[in-house]
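Read through the structure below, which is laid out as structure tokens, and then see the notes.
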Amino acid sequence: MTPGARIAAAIEVLDRILAGDPAEAALLRWSRASRFAGSGDRAAVRDLVFGALRQRNTLAALGGALTGRGLMIGLARAEGRDPRALFTGAGHAPAPLTEAEASHTAAPLGALADLPEWLHPAWQASLGERAEAVAARMAQRAPVWLRANLARGPREAAAAALARDGVLTEPGEGTASLRVTQGERRLAASSAYREGLVELQDLSPQLACEALPLGPGMRVLDYCAGGGGKVLALAARQPGAIFFAHDAAPQRLKDLNARAARAGARVSILPRVTGRFDLVVADVPCSGSGTWRRSPDARWRMTPRDLDRLRATQAQILRDAAGRVVPGGHLAYMTCSLLDDENNSQVSGLISERPEFHVVTQRLWTPLEAGDGFFLSLLRHEDG
């Protein structure tokens, strides 16, 4: 596909998303209808679509319309390219610019413009002086982070194995993180990935997992395990502990046994949780505001009512998880949100109900210093 044809395809997909289709569904629909498109074309169209969604309102202002065409015109201008060179009407390229499109100009918008307007007060209250900078970082593509499986060998050995298959990395903060700098699309076929030397995991949750207390013989429950990335990270740190995973939606755990076997870890899946544990990890459902670089359409699909429902769910999960902690044990509350209403407020609410818990450490990572936005509050259940 020519550059112009790729832009025409992105316009088609974006129009479907703006009409209400989820981004992944719209991309899949286009891909299935476009058998002529190779893997490079599909990746390029995806990059155009996600790049436009990350800066939706800014690009709409630059392009003159909140449409797929307006976003692609705006993206060309934002990148310093003349859209007339791409909108030629030749072959499968979009139709040439109209006189109004060619003469359109717009005043610069602030970084917060690319977040839903209803969210601005909560975003600014939560992030303070960092609010604009974090919003600006959300317009950029997220890096790909890997976690070296230290149970299989040191980080340097994993990096060397990846390099042999054309995946270049550099070490990041912590003991196991590797940032992919080249060849990310070769990762799934690499021997390092297939043999369990590395796992896909963002830097922020890696650092959160490294901050948790572990010891031989400890009973550890990942209460909202999802795909199991965090329990595998913990198992790699302390193979002598006893690990359990549970999720309210059991189908999310369907690949965990295979992933654990590949990683050399032992994790027991609990369809129903009974008893108490030395460490309970609760990475709860949330707005995902810290991950909006990776799923940029999610920011535009979130509503205040959605956030209220999520907060109620979080509070209930946090209460349930607290009831599974032995006296003297720890509770790790986690979200991939940047919003205080989902983070500090939930922890304060639990402590007001359960004063036997107190905060040991608390941290909010933002995309300015780590990978995704991520929150951790580690609480201790006092003896007695």
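What follows is calculated from the coordinates using simple rules that are stated; it is not laboratory data. The structure displayed is predicted, hence computed values, not measured ones. Glycine also receives a Cβ, built like all others from the backbone with ideal geometry; neighbour counts cover every protein chain displayed.
With Cβ to Cβ distances under 15 Å as the rule, what net charge do the other residues near A122 carry (K, R +1; D, E -1)?
-3
With every atom except the alpha carbons ignored, what do you get for Rg and Dmax of the chain, in angstroms?
Computed over the Cα atoms of the chain, radius of gyration and Dmax are 22.8, 77 Å.
All other residues with a Cβ under 11 Å from the Cβ of E356 taken together, and with Lys, Arg as +1 and Asp, Glu as -1, what is their net charge?
With Lys, Arg at +1 and Asp, Glu at -1, the net is -1.
Return the whole-Å distance between the Cα centroid of segment 248-317 and the Cα centroid of segment 60-129.
34
Read phi for every residue in segment 247-260 and hand back ³J(HN,Hα) as whole Hz from Karplus 6.51 cos²θ - 1.76 cosθ + 1.60, θ = phi - 60°, with x for Gly and Pro.
Per residue, the Karplus-derived 3J(HN,Hα) values read 8, 5, 10, x, 5, 5, 8, 4, 9, 5, 4, 5, 5, 5 Hz.
Could you give P(r) for segment 3-109, binned at 5 Å from zero, as whole percent values over all Cα-Cα pairs?
Using 5 Å bins, I get a P(r) of 2, 14, 25, 25, 19, 11, 3, 1, 0 for segment 3-109.
Sort F50, F375, F36 so that the residue with the fewest other Cβ atoms within 10 Å of its own Cβ comes first and the one with the most comes last.
F36, F50, F375
What are the ³J(HN,Hα) couplings of segment 278-288, residue after residue, when phi is run through the Karplus curve with 6.51, -1.76, 1.60 and θ = phi - 60°? Round to Hz, x for glycine and proline.
My calculation for segment 278-288 gives 6, 9, 10, 9, 10, 8, 7, x, 8, 5, x Hz in order.
Most mobile of R363, R319, R272 per a Gaussian network model of the chain (Cα springs, under 10 Å)?
R272
Apply the Karplus curve 6.51 cos²θ - 1.76 cosθ + 1.60, θ = phi - 60°, to the phi angles in segment 110-115 and return the couplings in whole Hz, x for Gly and Pro.
Per residue, the Karplus-derived 3J(HN,Hα) values read x, 4, 5, 4, 8, 10 Hz.
At S103 and R186, where each label point lies 7 Å from the Cα along Cα→Cβ, what is the point-to-point distance in nanometres?
The modelled label-to-label distance comes out at 5.2 nm.
Ranked by Cβ crowding within 10 angstrom, fewest neighbours first, how are C209, C224 ordered?
Taking fewest neighbouring Cβ atoms as first place, the list is C224, C209.
May I ask you to sort Y223, Y193 by Cβ crowding, counting other Cβ atoms within 10 Å and putting the fewest first?
The fewest-first ordering by Cβ neighbours comes to Y193, Y223.
Percent antiparallel among DSSP beta bridges with both residues in the chain, to the nearest 5?
Taking every DSSP beta bridge within the chain, about 60 percent pair in antiparallel fashion.
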